[in-house]
Structures are given as structure tokens and as C-alpha cells.
Amino acid sequence: MMLALLLFAAPPAFAAPAGLEDAFSPRGGASRLVEHAVHDAKKSILVAAYSFTSKPIARALAAARGRGVDVRVVLDKNPYNRPIAAYLGEHGIPVRISAQYNLMHDKFMVIDGATVELGSFNYTYSAEYDNAENVMVVSNVPAIAADYARQWDDIWAGAGSR
């Protein structure tokens, strides 16, 4: 369905064309694609993550916050997320822990209200170097970004502070 929306949605004349980028691991590149998407953020990044232990991605989010980007993160209750939650909090990034589901298994970012990073890729060392994973960045598709932002809002609303 997402592909159909990308192929057949007629963007307004002033809109940038939709873009798709993908990467896979363990061949590498998945983490770099996520970091690149974070680096390109100008206004906002909403993160939903099941497992987050990647220091490079955490540093990229902290750098975005340092540039004035509104970064907010919701994580699964997985105890492995605690160090990253603390790191992000120390850098002024609001973090909430989702415990309302058996697993909050989402892995996505909504960037600037128009771009979505998604896939099987957890933000972990193992996902980058040990597992077969995929990540995709769908750019300049506000309707899809709005769907993901609504999902993120629902998770955020039901989550507690770290």
C-alpha cells in the first residue's frame, strides 16, 4: 500500500519529489542511512524504538538537538534501552518508556513531518553488524509521515517518563 501511495499520489506542484533510500545489514550501511536522515533534520524528529543501544545514532540525535531540532524518543520497556535513555535525557531529549504493550516493537522515525525512516532495523550494534536487517527512508511524503506521526503520538501518550 505504501508503494502504491508513493507511485500514484500526485504531489502539489511546489512539493519536492518523493524519494526512497534503502540499506541493508550486515553488509553495512543501515546505520549510516539512519544517521544521514537524522543529520538532514531541520525541525523535528520523533523516534519509536524497540531496542536502542547504538551510540552513533544516539550521538546523531544529540547533535540534532544541539542544532535546535525538536527530538523526542519513545522506547520499549526493554532494560537494554536504559543507558541510551539516560544519555539522551542528559542531552535534553525527552524520553518516555512504553509499557502499555507486551512489546512496543516499532522501529521508525518521523523527520520534519514529511520523511519516515522505517524497517526491521533496531538501533543496535547487532542490527548493523550481526543481523540481516533492512531500513528505508521515505522522503517528502507528508501523508505517510502523518500516519506514522499519529502512531507515534498514540505510543507517546500511553508511555511513562523514563
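Descriptive notes on the structure:
- Candidates in region 34-73 are the residues that are hydroxyl-bearing (S, T, Y) and in a loop (DSSP other than H, G, I, E, B); of these, the one that is nearest to L103 (Cα to Cα) is Y50.
- Failed item in (1) out of contact with any Lys or Arg (no Cβ under 9 Å at 6 or more places or on another chain); (2) more than 19 Å from V138 (Cβ to Cβ); (3) assigned to a helix (DSSP H, G or I), with R27 passing the rest: (3)
- Across region 122-162, the number of residues qualifying as of a type in the set (G, A, S), farther than 17 Å from V74 by Cβ and in a helix (DSSP H, G or I) comes to 4.
- Filter result for the condition that a residue is outside any strand (DSSP E or B), within 15 Å of the chain's Cα centre (by Cα) and under 17 Å from V38 (Cα atoms), over L118, L88: L88
- Scanning region 134-159 for residues that are among the hydrophobic types (A, V, I, L, M, F, W, C) and under 13 Å from the mean Cα position of the chain (by Cα) yields V135, M136, V137, V138, A145, A149, W152.
- In the set S161, S126, S120, only one residue is modelled with pLDDT of 95 or more and among the polar types (S, T, N, Q); that residue is S120.
The values are calculated or read from the model by the stated rules, or taken from the named source; none is laboratory data. All values reported here derive from a predicted model rather than from experimental measurement. Positions of Cβ are generated from backbone atoms using ideal geometry, with glycine treated the same way; all protein chains shown enter the neighbour counts.
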